[in-house]
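Here's the structure, in structure tokens; my notes come after.
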Amino acid sequence: MKQRRLGTTGLYVSHLALGTMSWGRETDEDDAADQLTAYVDAGGTLVDTADVYTDGESERILGRLLHGAVPREEVVVATKAVMVRNADRDRNASRHHLLAALDASLGRLGLDHVDLWQMHAWDPRTPLEETLAALDTAVSSGRTRYVGISNYSGWQTAKAAASQRANPGRAPIVSTQMEYSLLQRGIEREVIPAAINLGIGVLPWSPLGRGVLTGKYQTGTPMDSRGASEGYSRFISAYLDERSSRVVGAVMTAADGLGVSPLAIALAWVRDRPGVTAPVVGARSAGQLKGSLDADATVLPEEIRTALDDVSTPDISYPEAGPSIGR
């Protein structure tokens with residue numbers, strides 16, 4: 001598996017990251033071990049988790065596997081803190097919560113440091129300066145090597161990164177984890193340009209359009225799919241509209257033409273977009289993960305890439321596209 005620099009840092013990671021959101025819920029520890037082993041054997045290095053995944057069980061499982069299934073030194077460990085929903089103050093971006101959350105994550109992982117610590121969401125109620133100061137402390141104390149963000153808008157990304165860059169000695173923002181796929185290209189308006197300009201690596205989550213780009217929902221919702229489950233049905237149904245169907249149809253046509261899976265087409269498209277370091281792929285089983293690993297060798301011909309760009313082009317207008325007439 002190819003390696004890419006994470007932003008403009010000296011850290012190289014595989015161009016496919018392994019997500020662990022299902023570990024401890026849909027994926028038991030034995031299957032998680034099979035996934036991690038297969039991923040590392042294929043040359044994968046970046047493993048992503050979060051303190052809220054299965055109430056911390058994802059981190060616990062990963063920690064145990066790093067002390068048994070695979071050597072710690074072969075894996076770049078990334079985790080997250082902050083999950084602000086409505087008035088929930090338990091997982092905010094205050095210094096008090098952040099440093100305690102990082103220590104708790106390290107305890108569950110059984111590690112003295114992580115390689116990448118990410119802010120899972122923007123907290124509008126905590127001063128940004130307080131959050132950034134906590135990131136500096138996390139790096140200077142040796143508890144993390146790098147820091148990143150996730151689900152920040154364009155202006156939030158630029159403000160956080162520019163604030164750190166303006167002060168020598170501060171911990172730079174090196175990555176942003178955002179939803180990005182052929183079905184969700186919204187970050188191309190502002191986040192991607194900001195990330196490229198500021199030297200931030202983009203880690204797309206849900207690069208398969210919440211599973212819809214695999215084609216499994218084209219003729220209905222399979223009973224054994226996430227779309228049929230109570231917990232995920234609304235998450236999936238957002239991409240079961242007419243526009244999405246046209247995009248999925250184009251992906252399936254391209255897959256037939258190249259003799260590969262729709263998954264391979266969708267993953268290759270997002271993997272090679274400007275600014276992208278590594279899509280984060282999650283799987284419920286080692287068998288599902290194998291599909292993503294097998295797709296790694298797929299390279300899209302320019303004509304197919306252009307056709308997919310055209311069918312999935314998001315609406316972009318003023319001000320991102322500039323004024324329609326000169327002044």
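Every number here is computed from the coordinates shown, using simple stated rules; none is lab data. Keep in mind that this is a model prediction, so the values were computed, not measured. In this analysis, Cβ positions are derived from the backbone assuming ideal geometry, glycine residues included, and neighbour counts consider all displayed protein chains.
The modelled label-to-label distance for the pair Ser237/His96, using points 7 Å beyond Cα in the direction of Cβ, is 3.9 nm. Each label point was placed 7 Å from the Cα along the Cα-to-Cβ direction; for Asp256 and Glu130 their separation is 5.7 nm.
Based on DSSP H segments of at least four residues, each scored -39500 (n - 2.57), the chain has a per-residue ellipticity at 222 nm of -11500 deg cm²/dmol. Among 200-208, 70-78, sorting by the average number of other beta carbon atoms lying within 10 angstrom of each residue, highest first, gives 200-208, 70-78. Comparing the chain with the 2.2 N^0.38 Å rule of thumb, its C-alpha radius of gyration ratio is 0.98 (two decimals).
Note on Lys2: lysines with a C-alpha under 24 Å away, same-chain residues under 8 apart excluded, are Lys290.
Database remark: amide H of Ser150 closer than 5 angstrom to the amide H of Met119, Ala121, Gln177 (H placed geometrically; neighbours at sequence offset of 5 or more, or on other chains; Pro and chain starts carry no H).
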